[in-house]
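Everything on this sheet refers to the single structure shown next.
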Amino acid sequence: MHRTRFCSLFLALLLLTGGSRGQGNAGHSPKGAPTFAEGAGTRIHYEDGGSGPGVPVIFVHGLAGDLRMWRAQLDHVRHTRRAVALDLRGHGLSGRAANGDYSIPALASDVLAVADTLNIKRFVLVGHSMGGAVVLAVSAAQPDRVAGILFADPAGDVTRLPRDRLASMLGRMEPPGYMAFMKGWFGVNLENAKAATRNMVLQDLDRTKPEVVRAAYAGLAAYGPVPALQAFKGPMLTVVLPGSDRPSSYQNLVPNLPAVKVKDLSHWLMMDDPALFDGLLDGLLSKVK
């Protein structure tokens, strides 16, 4: 497939916690043994650390990712406040869905399971790619607990994708051609990536089960983000690549979503330029009350 077409498909489809440490139970140190929350019969892996008076932050990765993608942000935020990251069901060290449900609301329940396990009552959410839809679903499910949202090159409204194209994409996510297709799809969007970013993204893709990726992608394509975007009244910010500025992109779906456009980075922009992303996150956190 031509490079431009790959990029367009990827951006259309993949594009796809309040209180201080004293508020709840402490989680494990990032250097300790893995810790898990129980969500709908599924073990959800998370990392918890940091302390301070600010509202805690929960980080949510995208399709075929895991919490390690937020390492720079976790290290940054934990200097001043609590920060938590998790592996969504079927990703990283988390268990696969016992009921096979990888819909966006189901993934959102993973986030809430971790927040509840840690007794974090109110939090800021940061979501990358598909994780942007997940954090929106969290805000819709429990709006009083979400103090702010930062989107990192989030998924657009994938429900607008023509059904024949969706069927074609899901078909290509079946064996035996799954990995060749996915590496081509991801590879185009890693064009400006640092070597470390590229290595981690492809490693995570390789270890995430194809059936999980396909089901989660189908869940993303079934999720309409507009009602949650319209309903959320707290501070929001989206950080997007030039190719993400389309009619279906979050910042063009509602009038109240500020957008910062960045360039010369890959889709995994928070890994490519942590200082830039951390500065934008600090700006959003300064607006959270």
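The values are calculated or read from the model by the stated rules, or taken from the named source; none is laboratory data. This is a predicted model, so every value here is computed, not measured. Backbone-built Cβ (ideal geometry, glycine too); neighbour counts: all protein chains shown.
Points worth noting:
- When residues of region 231-287 are limited to those that are of a type in the set (S, T, N, Q) and out of contact with any Asp or Glu (no Cβ under 9 Å at 6 or more places or on another chain), the one nearest to L136 (Cα to Cα): N256
- Residues that are assigned to a helix (DSSP H, G or I) and modelled with pLDDT of 95 or more, drawn from region 188-198: A195, A196, T197, R198
- Counting only strands (runs of 3 or more DSSP E) wholly contained in region 74-180, the ones carrying 2 or more residues that are in contact with a His (Cβ under 9 Å, 6 or more places away or on another chain) and closer than 18 Å to S248 by Cβ occupy 123-128, 146-152.
- In summary, L166 fulfils each of the numbered conditions (1) farther than 25 Å from A72 by Cβ; (2) exposed (fewer than 15 other Cβ atoms within 10 Å of the Cβ) with the single exception of condition (2).
- Annotation note: Cβ proximity below 8 Å between a residue of region 98-123 that is farther than 23 Å from G234 by Cβ and a residue that is part of a loop (DSSP other than H, G, I, E, B) and hydrophobic (A, V, I, L, M, F, W, C) (sequence gap 6+ or interchain) occurs for A98/A40; N99/A40; D101/A40; S103/A222; A106/A40; A106/A97.
- Counted residues, region 57-73 - those being out of contact with any Lys or Arg (no Cβ under 8 Å at 6 or more places or on another chain) and outside any loop (DSSP other than H, G, I, E, B): 10
Yes/no matrix, rows are residues, columns are (1) β-branched (V, I, T); (2) under 22 Å from K287 (Cα atoms):
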site	(1), (2)
F59	no, yes
G62	no, no
G65	no, no
R68	no, no
T80	yes, yes
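- Residue satisfying condition, being at pLDDT below 80 and among the aliphatic types (A, V, I, L, M), within set L67, L93, L86, L16: L16
- Note on region 129-154: among residues that are of a type in the set (D, E, K, R) and at negative phi, the one that is surrounded by the most Cβ atoms within 10 Å (Cβ to Cβ) is R145.
- Residue pairs whose Cβ atoms lie under 6 Å apart, sitting 6 or more positions apart in sequence or on different chains, and linking a residue in region 239-258 that is farther than 11 Å from S129 by Cα to a partner that is among the basic types (K, R) and assigned to a loop (DSSP other than H, G, I, E, B), are P242/K263.
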